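A.B. asks: After the structure tokens below, expect a handful of questions from me.
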């Protein structure tokens, strides 16, 4: 697996999202048009560390006509710490790859890269 480039953005206003999407799609079309015996995957990747894992303390209440039209939920919740989400989408196949971990370190990123590489890399045949 070869990591071609990594784009870091701190602000959504810094880069036009439509232009980024056109560039990525252009790369995917160029790679798809080339004949190669090697499997190729173009993955758009993002990570979200620090997601709060919470649970409700009471079951949701069903809708009551005339009172509330949707399910009612209690405002109290129980905290379960934070999680880190690593996700990518293969731009050629549309397959989504995701990994949720308790921590956010380089070894979790390496595990995600191995997750991406597993379906692409051919398995050695056992004799």
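The values are calculated or read from the model by the stated rules, or taken from the named source; none is laboratory data. Because the structure is a prediction, the values reported are computed rather than measured. Here the Cβ positions follow ideal geometry from the backbone for every residue, glycine too, while neighbour counts run over all protein chains shown.
A.B. asks: Answer yes if at least one residue in the range 71-84 is closer than 26 Å to residue 23 by Cα and touching a strand residue (DSSP E or B) at 6+ places or on another chain (Cβ under 7 Å), and no otherwise.
C.D. replies: As a first pass, look at the range 71-84 and keep what is closer than 26 Å to residue 23 by Cα: none.
No, the range 71-84 contains no residue that is closer than 26 Å to residue 23 by Cα and touching a strand residue (DSSP E or B) at 6+ places or on another chain (Cβ under 7 Å).
A.B. asks: Does residue 57 meet the test of being surrounded by 12 or more Cβ atoms within 10 Å (Cβ to Cβ) and under 29 Å from the mean Cα position of the chain (by Cα)? Talk me through it step by step, then tell me what you get.
C.D. replies: Details: surrounded by 12 or more Cβ atoms within 10 Å (Cβ to Cβ): no; under 29 Å from the mean Cα position of the chain (by Cα): yes.
Judged against the criteria, residue 57 is not a match.
A.B. asks: What number of residues in the range 60-112 are within 22 Å of residue 41 (Cβ to Cβ) and either at pLDDT below 90 or surrounded by 13 or more Cβ atoms within 10 Å (Cβ to Cβ) (or both)? I'd like the intermediate steps shown before the answer.
C.D. replies: Filtering the range 60-112 for residues within 22 Å of residue 41 (Cβ to Cβ) gives 85-101, 106-112.
Add one more test, that the residue is either at pLDDT below 90 or surrounded by 13 or more Cβ atoms within 10 Å (Cβ to Cβ) (or both), and what stays is 85-95, 97, 99-101, 108-109, 111-112.
Going through the range 60-112 one residue at a time, the tally reaches 19.
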